[in-house]
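I have placed the structure first, in the form of structure tokens, so that the comments after it can refer back to it.
The values are calculated or read from the model by the stated rules, or taken from the named source; none is laboratory data. None of these values were measured; they are calculated from a predicted model. Glycine also receives a Cβ, built like all others from the backbone with ideal geometry; neighbour counts cover every protein chain displayed.
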Amino acid sequence: MAVTVMKRYELKYLLSGEQTEFLKKRLEGHMEVDKYGKTSIASLYYDTPTYQLIRTSVEKPLFKEKIRLRSYGIATNESPVYLELKRKAYGIVYKRRVETTVPLVNKFFSGEGDICSPGQINREITTFRDFYKTLVPSCLIIYDRVAYFEPDGDLRLTIDENPRYRTDSLTLTESMDGISLLDEGWTILEIKVQDAMPLWLASALSDGNIRKASFSKYGEAYRQQLINAKKM
């Protein structure tokens with residue numbers, strides 16, 4: 001099964017509909033849409049029963065970590081899904097990712113086995129599970145993503161439309177429905193770079209009045225759930 005390690009800076013921005021269209025125009029000639037086009041992505045986040053991981057994350061510490069299971073479209077028991085251990089330290093994102101299946105992941109979190117063949121990444125993910133002891137599905141985040149890449153470069157950029165979430169039916173195999181995280185038309189821009197941002201992109205962001213934002217899809221879903229709970 002495929003194993004991936006990634007280290008990069010991830011910069012996030014919230015864009016209005018007008019800013020999204022402006023940026024897409026400025027990307028022309030610099031970046032290209034990847035071969036998948038617009039893709040619906042679902043990420044199932046695991047947490048402790050007391051939501052320890054997300055409670056720590058929203059406090060914005062210098063180091064934070066989370067674990068999620070990702071699928072591209074609705075998963076089946078046979079289709080590949082990706083278990084990702086994501087850590088952020090001093091602004092740098094480190095991601096460990098393994099290809100697996102839903103049944104194997106269910107067994108893994110029940111303590112019955114591993115999710116891939118023996119190796120360093122498998123050991124890191126298993127150590128993470130064992131440290132937190134009980135990790136259960138807590139929130140499903142869904143969005144429609146268009147990914148851009150820089151030919152002959154390492155710059156990557158994604159625009160996520162219609163981000164949504166749900167806290168029931170916590171499975172990747174049922175539907176892509178959820179409650180909206182943002183107002184209609186707003187999108188989430190993520191810029192992923194190994195080193196410095198190119199000047200042409202910095203200029204485009206400045207001209208479009210696009211400012212960096214601290215935003216976590218899982219964190220926003222958790223915040224909305226707290227607000228709804230207080231209203232009850």
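In table form, for the structure just shown:
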{"read-out": "Number of the exception - GLY29 against (1) in contact (Cβ under 8 Å) with a residue 60 or more places away in the chain; (2) on the phi > 0 side of the Ramachandran plot", "value": "(1)"}
{"read-out": "Test: residue in the range 7-20 that is in a strand (DSSP E or B), exposed (fewer than 13 other Cβ atoms within 10 Å of the Cβ), in contact (Cβ under 8 Å) with a residue 60 or more places away in the chain and touching a Phe, Trp or Tyr at 6+ places or on another chain (Cβ under 7 Å)", "value": "yes"}
{"read-out": "Qualifying positions in the range 86-120 - within 15 Å of LEU69 (Cα to Cα) and in a helix (DSSP H, G or I)", "value": "VAL102, PRO103, LEU104, VAL105, ASN106, LYS107, PHE108, PHE109"}
{"read-out": "Whichever residue in the range 190-226 is hydrophobic (A, V, I, L, M, F, W, C), touching a residue at least 60 places away in the same chain (Cβ under 8 Å) and not in a loop (DSSP other than H, G, I, E, B) and, among such residues, is nearest to LYS66 (Cα to Cα)", "value": "ALA221"}
{"read-out": "Test: residue in the range 101-118 that is in contact with a strand residue (DSSP E or B) (Cβ under 7 Å, 6 or more places away or on another chain) and charged (D, E, K, R)", "value": "no"}
{"read-out": "Condition met for SER180 (at pLDDT 95 or above, touching a strand residue (DSSP E or B) at 6+ places or on another chain (Cβ under 8 Å), farther than 17 Å from ALA75 by Cα and among the small types (Gly, Ala, Ser))", "value": "yes"}
{"read-out": "Within the range 147-171, tally of residues that are touching a Lys or Arg at 6+ places or on another chain (Cβ under 8 Å) and either of a type outside the set (Asp, Glu) or over 22 Å from TYR36 (Cα atoms) (or both)", "value": "10"}
{"read-out": "The listed residue being modelled with pLDDT of 95 or more, in contact with a strand residue (DSSP E or B) (Cβ under 9 Å, 6 or more places away or on another chain) and not in a strand (DSSP E or B), out of LEU23, LEU69", "value": "LEU23"}
{"read-out": "The one condition in (1) outside any loop (DSSP other than H, G, I, E, B); (2) out of contact with any His (no Cβ under 8 Å at 6 or more places or on another chain) that ASP183 fails to fulfil", "value": "(1)"}
